[in-house]
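The structure appears right after this line, and notes come after that.
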Amino acid sequence: MPTRREFLASTAAAATLASRTVADPRSSGAPMPAPAAGLGRPVVVSSANGIRGVKVAYDRIVRGTDCLDAIIAGVNIQELDADDQSVGVGGLPNADGVVQLDASCMHGPTKRAGSVGALEGIATPSLVAKAVMDYTDHIMLVGEGAKRFALAMGFKEQELLTEKTRQDWLRWKARLNKDDAWLDHDDDVAIKFTTGTINMNAVDARGDISSVTTTSGMAWKIPGRIGDSPVIGAGQYCDNTVGAAGSTGRGEANIKVCGGFLTVEFMRQGLAPEVAVLKTLERLVAMTETRLLRADGRPNFDIQFYALAKDGRYAAGTLYEGAQFAVCDERGARLEKCVHLYPRPSR
Ligand code: ASP
């Protein structure tokens, strides 16, 4: 049974969404066109690697867990999975062979945010980002300070480099320069992918929204590099009156368009999530420097945006056809196709 306060909150939210256009006093931006339907329907959306996590998050939300706590439990699965080389333990390291993690989160109902960058030795940066949000007057902590904060909060330090990622790092290092003192081996083994991240967004039955993104960032990065994931408004963004959005892929491209924020702003203007993610991708292409464009004028990298509206509508978009994303609602957890700007390039 909902408490009296919860009941009043959900009735008030339903009444708000019933009118056609609503000036929400909590919103800092323009009035949001009322969504068609869907309030009362929890939905969790994430990058495809969150296929296990969306189910965990959804089940918790249905049982009444706060939506940010639920999605952080969802991304913790990848962070703690040593076989996942894109986040947390087992994430691919930087050029020095050190795993540096980035994460950020936003809690829609309380309008709070937290973030950590270049964090070493702690497996769950998403939880450290939430601790920054919960226990400090700051939003972002990085490097040594972020680690000291995490240790003070009781997080346990551990080696994040696994035997597998150490071998991958050595292989990458050996092949950097033919003339260096490292002998090249294993020439038939491809160098590992360089990106990988998990972004997860959720709306609960009351229409409360949250978002989180966590990553080991670009593999082999220059030590100290921070990507888009810990940048509020780029790696993820959430406005409880509109929706949430986040990203995976080349962070340097996303930071320049504040893609999480921009996607939410497009939804605030009344665009459907699938249109919002495509418009963000178009802006990103327009902001791509020439050295990163192929002969046909299209980017030589890929990137995805995930969007979830307050009424439960959702979508994800990718530059090149073929990417999928994970979703869980009353129909269960599944992968769906991202909308795309371009067909997959032929090799
Ligand atoms: N966006 C991440 C970063 O640039 C990487 C990724 O999503 O694969 O750090």
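Just so you know, all these numbers are worked out from the coordinates, no wet-lab data involved. Source: prediction; values computed, not measured. Quick reminder, even Gly has a Cβ in these numbers, built from the backbone with ideal geometry, and neighbours come from all protein chains shown.
Among 229-240, 166-177, how do they line up by average Cβ neighbours within 10 Å per residue, starting with the highest? Mind dumping the intermediate values first?
Details: 229-240: 27.8, 166-177: 15.7.
Going by the mean number of other Cβ atoms within 10 Å, highest first, we get 229-240, 166-177.
Between 0 and 90 degrees, rounded to the nearest ten: what's the tilt of helix 125-135 against the longest Cα principal axis of the chain?
Rounded to the nearest ten degrees, it is 50.
Could you sort the peptides 156-165, 319-328, 244-253 by per-residue average Cβ neighbour count (10 Å cutoff), highest mean leading?
The peptides rank, most packed first, as 244-253, 319-328, 156-165.
Could you order the peptides 334-341, 68-75, 261-268 from most to least packed, using the average number of other C-beta atoms within 10 Å per residue?
68-75, 261-268, 334-341
What value, in deg cm²/dmol to 500, does the helix sum -39500 (n - 2.57) over DSSP H runs of n ≥ 4 give at 222 nm once divided by the residues of the chain?
Roughly -9000 deg cm²/dmol at 222 nm, from the helical runs in the chain.
Longer than 31 Å from Cα to Cα, which of LYS55/LYS130; LYS147/LYS221; LYS256/LYS310; LYS55/LYS173; LYS147/LYS337 are they? Say none if no pair is.
Details: LYS55/LYS130 21 Å; LYS147/LYS221 19 Å; LYS256/LYS310 26 Å; LYS55/LYS173 38 Å; LYS147/LYS337 38 Å.
Result: LYS55/LYS173; LYS147/LYS337 exceed 31 Å.
Tilt of helix 51-62 relative to the longest C-alpha principal axis of the chain, in degrees (0 to 90, nearest 10)?
The angle comes out near 30 degrees.
In nm, what is the difference between 0.36 nm times the number of residues separating LYS173 and THR110 and their Cα-Cα distance? Present the calculation step by step, with values, prior to reporting the outcome.
Working: separation 63, 0.36 × 63 = 22.68 nm, distance 4.52 nm.
Going from the current span to full extension adds 18.2 nm.
In debye, nearest 20: dipole of region 99-209 around its Cα centre with unit charges on the Cβ of K, R (+) and D, E (-)?
Charge dipole, region 99-209, about its Cα centre: 380 debye, nearest 20.
What's the angle, to the nearest 10 degrees (0 to 90), between helix 67-79's Cα axis and the longest principal axis of the chain?
With both axes taken from Cα atoms, the answer is about 20 degrees.
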